[in-house]
Amino acid sequence: MNQTNAILVPGLELDNQSLSSLDRLLGKMVKVMCVYSVDAPSRRIEGQFGSEVMEEQFSDMMVYLQYSSVTDKPETYESIIRGIYKGCCKINRHHRMVNRIYLFNSSDEQIQLACRNQVPGQALISEKLSQAIKEFQPSENVHTISHLNRIQENTLMVFITDSEGCELSEELKKRYRRATRQAIWVKVGEDSMEIRIGFPEIA
């Protein structure tokens, strides 16, 4: 792995230096997309504003949270989710971005929607996510992801795992092999973290 695409965090909280490195990492990943801007001059009516423009933005964010020792540390995974979401919002500026948080693996080897942001700028609802984790029924293997929600060209995928990591099923690896650079893997250890571009792996 190219070390310029990896961030080593000495603790379990994203400090200012880690957040700055994360912003640079997201800047490498974002793609151009067509969005509506109220500030852009209209192409149809002279003197009016509001038109579609091409800008670097993320369309949405999807977090896949491994049911493991990580879910015992709400202050850690919430800090990660908020930090990444805030970095995306800086890039997107006026464009609202939806964030969905999923737990894996459920007893039927699917993903479970645990939380979805309700208002612009809100990365997660702590109480709702915490309740979903308490009620989650994991399968025996929580190190394999067998299902992903449908992604768009500008979707940012975030995988948060323990130090052992996880992996996508062979079917998903084939289907989404071109989306590797749309993914961030956050590997949470006992007292440190590693953040890198790409799909998660088994350590």
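The values are calculated or read from the model by the stated rules, or taken from the named source; none is laboratory data. Predicted model, so just to flag it, every value in this text is computed and none were measured. No Cβ is skipped: glycine too gets one built from the backbone with ideal geometry, and neighbour counts run over all protein chains shown.
Key figures
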item	result
Residue count, the range 168-187 (criterion: within 16 Å of the chain's Cα centre (by Cα) and surrounded by fewer than 18 Cβ atoms within 10 Å (Cβ to Cβ))	4
Leading residue by the ranking (nearest to Glu13 (Cα to Cα)) among those in the range 87-107 that are surrounded by fewer than 16 Cβ atoms within 10 Å (Cβ to Cβ) and modelled with pLDDT of 85 or more	Lys90
Test: residue in the range 60-80 that is in a loop (DSSP other than H, G, I, E, B) and either under 20 Å from Gly11 (Cβ atoms) or of a type in the set (S, T, N, Q) (or both)	yes
Residue that is surrounded by the most Cβ atoms within 10 Å (Cβ to Cβ) [pool: residues in the range 151-167 that are in contact with a helix residue (DSSP H, G or I) (Cβ under 9 Å, 6 or more places away or on another chain) and of a type in the set (Asp, Glu)]	Asp162
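Here is a yes/no grid of residues against (1) at pLDDT 95 or above; (2) under 19 Å from the mean Cα position of the chain (by Cα):
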residue: Gln3; (1), (2): no, no
residue: Met29; (1), (2): no, yes
residue: Val32; (1), (2): no, yes
residue: Ala40; (1), (2): no, no
residue: Met54; (1), (2): no, no
residue: Ile81; (1), (2): yes, yes
residue: Ile84; (1), (2): yes, yes
